[in-house]
Each structure stands twice: as C-alpha cells, then as structure tokens.
Amino acid sequence: MSNLRQYHVRYLKLSLLSLSIAAQHAYAEDPEFNTAFLKDVSDQVVFEAVTKGYSLIPGNYDFSIFLNDQRIDKRKIKFYQKGQEVVPCIDASFIDDYQILYEIDQSAQETSDSACYDLTALPGAKLNFDAGMQTLNLSIPQVFLRQNVRGYISPKLYDQGINALIVNYNANTSLYKAQSGKEFSNSSLLLNSGINWGAWRYRNQSSFIKSSGYSAEWDSAVNKIERDIIPLKARIELGDANTRSDVFDSINFRGVQFSSDDAQLPIGLQNYAPVIRGTARSNALVEIRQNNYLVYSMNVAPGNFEIKDLYAANDSGDLEIKVIESDGSVRTFTQPYASVPNMIRAGQKKYQVTAGQYRSGSDDYQPYFGQLTYTLGLNNYLTPYAGILAAEDYYSAAGGVAWSVGQFGALSADLSFANNTLSNGRQEDGLGVRLLYAKSIQSLGTDIHLAGYHYTASYYGFSDAVQEKAQWRNGVYEYNDQDPSAVNDPAVSAEAQTRSYYSTVFYNKKNQYQISLNQRLGKWGQLYANLSDTQFWQKDYNQRNWQIGYNNNIQRLSYGVYYQNSKSLFAGSDYSIGLNFSFPLDQLKPFKKHDVTSNNNYQYSGDDGAMVQSALTANFLKDNNLQTQLQVSHSEKSGDSLNLNAAYQGTKGNSNIGYAYSDQYQQVYAGVNGGILMHEKGVIFGQQMNNSPILIEAKGASNIRIENQTGLKLDKNGYAIMSGSSPYAKNRVALQAEDLGQNIFIEDLVRNDIVPTKFAVVKVEFNVKTGHSVLVNLNYNGHELAAGTEISDVANLNRYGLVGLNSQAFLTNVESGQKMFAKWGSADTQQCSFILPELNSRNIGYDELTLACEAGE
C-alpha cells in the first residue's frame, strides 16, 4: 500500500497539470472552453496556467534528468514564466555539473534569483520535459560534452565521511574432549579497530589467544595512520604496512610510505589496457568484445578515433572491435591483448617511496631500509620500471621492461643485482632474473600465465638476507617446520606442532617457476593446472605444489576431479586425488524454499588413505540469512565423523554454533563477529565493517530492510551499517519499498551517488515522514478551493499536498488534531485553515473527510 499511496501523492500533486493540459486541448478545439468554475480563483498565476495551457505553474520541482537517453541525476529544477510559456531554468551549476561545453555569457535571461541559459542555442541540442512523469530530457551532441574518461567522478563528490570510532571483533571458543577423557579448550578474540578524523585514518589489528595449559597471549600486530592526497592521486602511510611487489618482492615494514594510488583513477584508467585506434565513416557505434562478452561501447564522430579508457574484463584475451556505421554496415578487426602485472597504460606513472624497519614477526633481526620504485607507461607497448633498495649490510638495484608483443602475448623481463654481507662477515654479490609471460588464445579457449626465476648461488633477495641473519645460531642455521603427525590434532598447540632443524649452510634459491593454465572446452567443461616449484642450490631440498583439475556440469549436477602433489622443504612428497559433485535439491517440494544442496567429496591421499564426505546445506528465514549444514564423513586414518553447524547473519552482527563428533574426539564450538561504530549521535552495533562502511540513518523508521544486504535492516532507532562499499566510485543504497508501513513516507528510497574515500565512514540520511494519509474534501465560505492550492502547516515549514479537481486534497503524514494551512494567494482572503479530527489507525488505505476551511489562522 505504500507504493499505492505514493502514486496517489504524485497523481494529486500533478492534478493541476492534467487540468491545464485538458484546458490546452479544449482551447485549441473549442474557443468557448468554459472557465466559469475558476471564477473564485484570484491568483493570476494559477488562472493563467489553466486558461493558457501551461503544463506547470512557476515553482521548484524535483525532476529526473536524462542526458542523451541516459538517466544521470535527480535534482530540484526551478520553472519560471518566459513569455507565454513556463520553462525550466538551466543555470550555471546545472551546466557545470553535467559538463556541458556552453559559453555562459550567451543567451542568458535574468530571473529573480539566478541567470538561466538557453541550451537549444547549441547546434543540434534539444530540451523537453514531461511534467506528468517529472522528467527533463536533454539531447546534446557529443561535441558539446566534456569527454571524461569512462568512470570519471569529480573529486568534488568525494566524501571523507564522518568522524567515528570503529571496532570490528571476531570471537571464537571451542572445547575438545578426546576419547581418552583429556579435555582441551581454545579461545580467541581478533580486533580490527580504527579512528576516522577528517581525511586521516588510524587502524589497529590486535589478537588475544588463550589455550589450555598455556598463558594468555595479547599481540598488537598492526598500527597505522594513513590518508589520501587527492590532488596527487596518492596515499601516505605511517606505521605498519607493506610494499608493492611489481619491482621487488613485497616487504612488511614499520615506517613511512608515499605511493601513487591507482584506486583514485577512473575505472577506465585502472589496470593496463591498450589504446584502440580506428576510423569511422559516419556517426558510428564502436563495440568491443572480449571472449564474446561486450566490455565497451561508445558513439564516435566521423573520422579517426582513439579509445583510451577501455576496462577489459580479463588481463588477457584478444579484443574484437566492431565499427557499426549509421547506414548499418559493420567493419570488424581484432586487437591482440595480454598483460602482465607490472604493465601500465601509456602516459601513466606509478611510484612508491618507503623508509622504515623490516618486520618479519620475529625480533631476531629487523634492519632499517629505504626503497624507491618507479614505473612509466612509455607507450602502448612498453612499460619500463626500476627500483633501488638500501639497508644495513645490504643494497640492491633492479630494472626491467614489460612488453606487449601483440598476437604473441605479453612478457616482462628484469634483472636484479644484490650485495649482501653474511652473518659470518663474508660479502656476496649476486644476480637474479625474472621472466613473466601471459597469453590468451581465444580461438582455442586457452589462457596461460608463466613466471620463471633464476638466481646465482650468491644472490640474496632482501627477505632472504634478513632470514639468513635471523636464523644464524652460533655457526649454524635454525629452520622450523610443522610436524605432519600433529597438524590435525586439535589438542596440540601451534607451538607444539613445530619442529626445528639445523644446518651449517643457508638454503638459498636457485630456480622457481609458476604455471597457470586454464583451458575452456565449451560444453565439455573446463581444465585447469596450477604448478609451482622451487629448487635450492642445496640439491637435496626443494618445494612444490601441483594442482590439476577438471570441472563440468550435467544439467544441474556440477562435478569436478582433481590431482594435487605437494612437498615442503623438509618433508617428503604427498599426493591426493579426488572427486566432488554437488546437486541442488530445491525441486523437491519439502526442500524448495530452503535452497537445499547436496555436496559430496571423495579423496584418496598417499599419507591418509581414503576419505568420503557428504553434506547437506540449507537456508532459512525470510532473507535466507540462517545457513545450516549437516556433514558426515569417513576416513581410513581418523574414522567416522559428524559435524552440525548453523550460521546466522543479523543486523547487529553474525553468529555461529556447531558440534563435531569423531572416533577420536568431540568438539563444541561457537563464535560471534560484528562491528561497533561510535559517532557523534551514539553507538551502533552491526556487521563487520570493511573498506568504506556506510552509516544509514532514517530516523522514525525501523525494521526496513536494505536491498542486497543479507540480514541487514534498520534498527529501532532508524540506523543500519552497510559493511563496505567501493572507494572513489559511485555506490548505491536502497531501502526496501515493500517494508514501508502505512504511516511512513520516505520520498526517495534510493541513493546512488555515494562516493566515499578509502576507509571513510559515509553517513547517508533518508528523510522520513510519519503520520496518516487522508483525502480531504475542502470548502471555503461554501465555495471550492482553487486547484493547485498548497496545503502546509501553519508555520509553512512542511508541505503536505495540493488541492486538485473538485476541491480534493490528498494529504500524507499528518496527525490527528493537526492544524493545516491552505494558501492560493498573498491576500488575507486567499488563505484559510482547518483542523484535522481524530484519525483512524490503519494498516492499509486512508481516511476520507469533508471539512470547512476557515478564514485566518
């Protein structure tokens, strides 16, 4: 009924428009159109609006703005009388907001409070509006529109958010009881907290762990202050952070870092993509597809064109470009496309300056260092990059180039030189070579990524150099590894699972390779392989992890097979093969509304033997925010087991609880996680807050769900927290219209122009009006009120409706006993007041009343 009520409001607010349109048609067809029913209307503006056929009377109205058939905004537009017409006022802010190339000193007409401009003075430009639909339509040739990069958002729209304190928590506890009777408990609390003050962000990550037989441990892992520098599209960080991996390996450190920030670029400039060039013979449409998916579309003028803001869906896959001319003819050509991680677009720069102390989680050796990296998009094909790093007893320099080689793919090659002083005082100079390659063969459905590394025996990367000193123990090196026999034992702590090994030499790398292959087979499924291997100069030791698999589906049955082989530095090789399949059971009547799915897995491991696992998952409640699972399994090594768990996503946070049983132990576990937001108006509990949370405020409304947010709705105070949004991009927040009660009215349920900065807490307010809805038949001294008369409160602060035909007014959000004020002119005789009686409480519908409007207040 809320939607119906809003329809009535719009209909009756615009009843005068319908009246004037009718008058306009009647006047054109019959000069004897009877205006006698308007004899009591003394407001000349209203009288002229009806008799002369205006579609609007002068005033301010909310209109949706369409530019070249695309809805771009909703804003308040002023309509003023220009000669014999009532037209919209296009002011300087309108022209600036929509980036129309218009000289504002031409065709200006002064109104009472602003200058209005005639956009139709632009050749080919058209403007029209639909008063009934409240839409303003602009058709502006592309030549008169500022050509911004796709996804461009003016920094003026960036929202640094409100000052706030954030606490994210994740608490878990479990109790194990072995079949032998031994009990073991473990509890943990993880906190991710922060303070926002203006553009500054402080973040802290801490943990508390308590296990049976061990003392409690409290650790503060990360403390960092950061902010963006929008004019430079950069970011500064002070505290615990990490470096990029485009030139050197990524490093955790504590210090200061200044970096270019790709997230602040429009989406059309993020990540590498080639410049597409071509020629159009007419006003044409250019479409670009990758792997048969449309990824770009643009209208171009006749002549040469360049597309510099392509955002491809994948980092490889040839691009098919179609130029569709105005006569319907089509020309097609292909642009080979592939990229590797350190490629950037032509003309772009990427840099990072770092100074601080190395952090490895160990206090054994943490040197201070400085690092500088720089990458330049030289042109459409070449991206050179370089970097230097200096620390105590260590320095390194690296340089290379990434190269797009057309139909042969993309590759990068770089060379690193390092000088390191070992723990025994000996200096070592070494070289490292890195090669990266990527290629997509669209015709075969093949995507391949390769990475290869080779190091001389005397080469040490910075992390290796730090580890060499950290592991030095009086002439030998200490290595730690997990005990595979204790890894799966819940009664054994992480410390007790660790084994130590000692060697007289430090194991440094010789070769590394990584292969990622994805082969699409159409209706026959998909084949994938991920292979990685590390070889050391000490030939007896190496590491590897191979995964090969195949996935497909037969109608609604999804299945896959896989093979995995792994080896750590000090352990032998282990392999496993497996089969998994899942099937939705929602076609069975008892399971239909709960999305019940069956998931099954069979695995055989060389160390653990065979294992069979089967599970049923289901969702419950209105928003499917209660997920449950029943899982049974059998293993040759550990016997039978049973696992029951349930997870609930709620407005105030999430929770889970479960029970596990096996031949070796029983386990009960539970956990809660969520977020706490403290701001100037109070404290709000909600789900965990990520990147850029959004605080929703709709005072006077409660229990209204938020669209596309599972389990999230307004609390009793009208607040809700959306856990995250995309920084430097437009985000959408919408309230569920179907949840509005009969006595709640929210004029605009959707906000789609929210642009937070990174980690900002943006507050979005919805204007909530509460009260009854009534249809009032009014009379003044025995006469009907003029159509278009505005009904407001006595102070004229709130507008509740307009008088339409037959002196009827549909009023919303009014209260029993409320005094209302009707005005159709400035004279005392052109205004009156009335008091609403006791109104009925209704879940649906509205009251209909007949009231006299008395002169004066």
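Since every read-out is calculated from the coordinates, none of them should be taken as a lab result. Note that the coordinates shown come from a computational prediction; the quantities given were computed from them, not determined experimentally. Neighbour counts run over all protein chains shown; Cβ positions are idealised from the backbone, glycine included.
What to note about this one:
- Scaled against the 2.2 N^0.38 Å expected of a compact globular protein of N residues, the Cα radius of gyration of the range 673-769 reads 1.01.
- Listed candidates [x] -0.43, -1.02, -1.22; [y] -0.53, -0.79, -0.92; [z] -0.53, -0.95, -1.08 - label of the one calculated as log10 I(q)/I(0) by the Debye sum over Cα atoms at q = 0.05, 0.08, 0.09 Å⁻¹: [x]
- Note on GLU306 and VAL632: the model spin-label points, each 7 Å out from Cα along the C-beta direction, lie 6.7 nm apart.
- Pair GLN538, ILE835: separation of 7 Å Cα→Cβ label points (nm): 9.5 nm
- For ALA280, net neighbour charge (Lys/Arg +1, Asp/Glu -1) across residues whose Cβ lies under 10 Å away: +1
- Counting every other Cβ atom within 10 Å of each residue's Cβ, GLU707, GLU320 order from fewest to most as GLU707, GLU320.
- Sequence-ordered 3J(HN,Hα) estimates for the range 627-639 from the Karplus curve with 6.51, -1.76 and 1.60 and θ = phi - 60° stand at 9, 10, 8, 10, 10, 10, 8, 9, 10, 4, 7, 10, x Hz, glycine and proline given as x.
- The calculated 222 nm mean residue ellipticity attributable to helices in the chain amounts to -1500 deg cm²/dmol, summing -39500 (n - 2.57) over DSSP H runs of n ≥ 4 and dividing by all residues.
- Peptides 780-792, 537-549 ordered by average Cβ neighbours within 10 Å, highest first: 780-792, 537-549
- Summary value for the chain: 9 percent relative contact order, contacts being C-alpha pairs under 8 angstrom separated by 6+ residues.
- Dimensions of the range 273-335 from C-alpha coordinates, computed as largest minus smallest value along each principal axis and given longest first, are 33, 20, 15 Å.
- Sites ARG473 and ASN691 - FRET efficiency at Förster radius 35 Å, r taken between beta-carbons, to 0.05: 0.25
- Under 22 Å from the Cα of LYS622 - lysines, other chains or at least 8 residues apart: LYS589, LYS592, LYS593, LYS652, LYS713, LYS716
- Our Cα-only numbers for the range 340-395 put the radius of gyration and Dmax at 15.1, 46 Å.
- Under 20 Å from the Cα of LYS350 - lysines, other chains or at least 8 residues apart: LYS233, LYS308, LYS758
- Förster radius 35 Å - calculated FRET efficiency between SER185 and MET678, Cβ distance, rounded to 0.05: 0.65
- Positive minus negative residues near LYS758 (Lys, Arg vs Asp, Glu; Cβ under 10 Å): 0
- Over all other residues within a Cβ to Cβ distance under 11 Å of GLN264, the charged ones net out to 0, with Lys and Arg as +1 and Asp and Glu as -1.
- Rg(Cα)/(2.2 N^0.38 Å) for the range 536-604, N = residue count: 1.70
- Sorted peptide list for 648-657, 686-695, criterion being average Cβ within 10 angstrom, highest first: 686-695, 648-657
- The C-alpha atoms of the chain define a longest principal axis, and helix 2-13 lies at about 40 degrees to it.
- Binning the C-alpha pair distances of the range 753-837 at 10 Å intervals from 0 yields a P(r) profile of 15, 43, 18, 11, 9, 3, 0 %, listed from the shortest bin outward.
- Folded to 0 to 90 degrees: helix 15-29 orientation relative to the chain principal axis, Cα: 60 degrees
- Label-point gap, in nm, between TYR502 and GLN99 - each point 7 angstrom along Cα→Cβ: 6.7 nm
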